[in-house]
Amino acid sequence: MRLTVSLILAFSFVTTLKAMDWPKDYVVGEGTKSPDGVYGILMPEMNETTGGDPDNSPNYLVDVKKLRVIQKIDGVNYFRGQSHAGLAVTWSADSSFCVVEYDARFGFDSIFLLRREDNGFAQTDLGTTIQKSLDAATKKESHVTDAGYGCQGSVAVRIGKDHKILFRVISTTNPKELEEVKTYCAFFQGAYDPASGHWIVSNAHSVNKKIYDELSTSFFGLDDSNTQYADAQSEAESLDRNLNQLYAALRFLLPKAEFDKVKTAQIAWLKQRDAVSGIAAKNLLVRARIKSLQDLLWQSK
């Protein structure tokens, strides 16, 4: 299953910055604050004064409580409300480090680790390793250097209790899903150890479109918190589709011995579900099953 393996040490560096005032017309990005409420990512706000310049919009790691700029995030220009761009920050539970992901129109643009040290935060580029690995897998499958729109990856991140950072990234060369364009897809799995500065696991391999769809749903398409269903039956049909996609993804990801255990448990669970009366009660049971299976997505290496 793993055709390409690359263990690349990311270059880590600390940006030193002289004390500076809190920039005018800057805001702390929504969802960027650390769990302890101390840190956050500061960015320009698009308004009549600043306008919003995608080439001159530096971001900063800041102390929110003391209103103190800690350091500039190198290689980044992003302002709040920027078109075809996005920012996602995943913090460790103890607020000692975070993964900062900047997104472009169809996939991630850059991924950095910001890790607290004595003199500030060390910034480590993680996105380059991921992108190179996906590109290599895509190139091997397509036999061309540049296929379609290039390899565009969607990123899922989880930080374990042991502080290891887990990545699951699904990429495609045809993000618009144009029928006349040949599509190549790839899947990256990685585990990075901030303490040692090493990739423990870093591999990517090509996948077909069917598996791409199953993985996409499993990692990115199961949250229906903003969905309003016409009735309980419509909800049941949607949940059933999601459960089937998730089950198929696990069949692909897990070693056979591990998946056989899931299969046995699934058969027993189906009997339990079928014994429940009332569609609303069954929907609750399916939701609980989906949640329990989602954790297994992160067990494969």
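The values are calculated or read from the model by the stated rules, or taken from the named source; none is laboratory data. Remember, it's a predicted structure, so these values are computed and weren't measured experimentally. Methodologically, a virtual Cβ is constructed for each residue, glycine included, from the backbone with ideal geometry; neighbour enumeration extends over all protein chains shown. Surface areas here come from the heavy atoms of the whole protein model, side chains and all, with no ligands, DNA or RNA. Shrake-Rupley method; radii C 1.70, N 1.55, O 1.52, S 1.80 Å.
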Here the net charge surrounding R158, from other residues whose Cβ is less than 12 Å away from its Cβ (Lys, Arg +1; Asp, Glu -1), is +1
Name the most mobile residue of Q131, Q228, Q245, meaning the one with the largest mean-square fluctuation, in a Gaussian network model of the chain with Cα contacts below 10 Å. Q228
Springs between alpha-carbon pairs under 10 angstrom, Gaussian network model over the chain: which of T173, T264, T128 fluctuates most? T264
GNM top mover of I165, I130, I290 - the chain, alpha-carbon springs below 10 Å: I290
In the chain, what percent of the accessible surface is made up of carbon and sulfur (1.4 Å probe, ligands and nucleic acids excluded)? 49 percent
Per-residue ellipticity at 222 nm attributable to helices in the chain (runs of n ≥ 4 DSSP H, -39500 (n - 2.57) apiece, nearest 500 deg cm²/dmol) works out to -9500 deg cm²/dmol
Where the centre of each part is set by its Cα atoms, how far does the stretch 194-250 sit from the stretch 277-300, in angstrom? 13 Å
Rg (one decimal) and Dmax (whole number) from the Cα set of the stretch 151-227, in Å, equal 14.5, 46
For the chain, radius of gyration divided by Kirkwood radius, i.e. Rg to Rh on alpha-carbons: 1.00
Which whole-number value in Å² is the accessible area per residue of the chain, probe 1.4 Å? 52 Å²
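Counting other C-beta atoms within 10 Å, and keeping those with at most 12, which DSSP coil trypsin sites (Lys or Arg not before Pro) do you find in the stretch 107-171?
Listed in order of number, the matching sites are K161.
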Taking the Cα centre as origin and putting +1 on Lys and Arg beta-carbons and -1 on Asp and Glu beta-carbons, what dipole magnitude results for the chain, to the nearest 20 debye? 1080 debye
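Restrict the search to the stretch 107-213; then list the GluC sites (Glu not before Pro) that DSSP places in a loop and that have at most 14 other Cβ atoms within 10 Å of their Cβ. Before the final figure, lay out each step's value.
Details: sites: E117, E141, E177, E179, E180; in loops: E177, E179, E180.
Counting only loop positions with at most 14 other Cβ atoms within 10 Å, the GluC sites (Glu not before Pro) in the stretch 107-213 are E177, E179, E180.
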